[in-house]
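The following block contains the structure, expressed as structure tokens.
The values are calculated or read from the model by the stated rules, or taken from the named source; none is laboratory data. Note that the structure is predicted; figures quoted are calculated from it, not measured. Because the Cβ atoms are built from the backbone with ideal geometry, glycine has one as well, and the counts that use them run over all protein chains shown. Protein only, heavy atoms only, side chains kept; ligands, DNA and RNA dropped before computing areas. Shrake-Rupley method; radii C 1.70, N 1.55, O 1.52, S 1.80 Å.
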Amino acid sequence: MSASRIIVALDFPTAAEAITFSRRVNPQDCRLKVGKELFTAAGPALIETLSKQGFDIFLDLKFHDIPNTVAGACRAAVQLGVWMLNVHASGGRAMMEAAREAVGAGAGRPLLIAVTLLTSMGPQEIAEVGIVGDAAGAVRRLALLTQSSGLDGVVCSAQESALLRAACGPGFKLVTPGIRPASSSKDDQQRVMTPAAAIAAGSDYLVIGRPVTQAADPVAALAAINREISSGKTA
Ligand code: C5P
């Protein structure tokens, strides 16, 4: 298993492009995230290929359905041998408990985490779907529900990591996108944090896409980020 805290988001439309990238990087330097676009296009065969190359896979399909259906999807993900998978916390306690039961109790079981609120939603959209109070309060409430449903952690913005680390304690995994090395472009991310700052705020794993996938030399980009994390340089 990789020791790196970096999870590279494989935001590619085809298996061929994803595999071209994965052949260039080393499983010791990163884990890989396969999301809805790539999984819908490439399916379980791609997960098998990437796993055979030695990569830990985060299957980012954000399941949200009735408990029985989500449990079945989680069992299928366990069969694929993924390292981590996720559901939506807003599916509720029964759904999350069914998912947790489905991933099993063995030492090699995948980590099961939840999405609290989509960070793409602004205050008006959050209110429109009936969530009362501010986003930070809702994120905290959903993270605590996730924890008491037996899950391993949540996906959250690095801006929320300190709050959630304090609320949920040590050992609860915080997985954060929106990470940009000091030298990188922000792309379309609004609120970004550097890798070392996110780790200092309490994040366990960093989801990083374009700063690595679009780099002229992805191996060098990963090495620089891994160095930045170990040096603890936060700005
Ligand atoms: O290229 P970049 O580093 O911005 O990619 C970030 C990845 O994390 C993308 O796969 C994006 O969909 C995902 N993500 C995010 N913000 C969230 C949840 C997931 O950027 N709140």
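Provide 164, 144 ordered by accessible surface of protein heavy atoms (probe 1.4 Å), highest first.
144, 164
Compute the length gained on full extension between residue 40 and residue 79: take 0.36 nm times their separation in residues and subtract their Cα-Cα distance, giving the result in nm to one decimal.
Taking 0.36 nm per residue and subtracting the Cα distance, the gain is 12.3 nm.
Once the other residues with Cβ under 13 Å from the Cβ of residue 34 are scored (Lys, Arg +1; Asp, Glu -1), what is the net sum?
-2
Here's something else I'd like to know. Roughly speaking, to the nearest percent, how much of the chain's 1.4 Å accessible area is carbon and sulfur?
53
Accessible area per residue of segment 6-231 at 1.4 Å probe, in Å²?
Heavy-atom SASA per residue in segment 6-231 reads 44 Å².
Give me the percent relative contact order of the chain, please, defined on Cα pairs under 8 angstrom at least 6 residues apart.
Relative contact order, the chain: 18 percent.
Another question, then. Using amide H atoms built in the peptide plane, which far-off residues or other-chain residues are under 5 Å from residue 2 H to H?
It is 56, by chain and number.
Further question on the same structure: Can you tell which of 148, 51, 120 shows the greatest fluctuation in a Gaussian network model of the chain with Cα springs below 10 Å?
Answer for the Gaussian network model of the chain: 120.
Let me ask something else about it. Within the chain, which complete DSSP H helices have Cα atoms spanning at least 30 Å along the helix axis and a mean Kyte-Doolittle hydropathy of 1.0 or higher?
Answer set is empty.
Can you grab the distance from the C-alpha centre of segment 201-224 to the C-alpha centre of segment 160-181, Å, no decimals?
18
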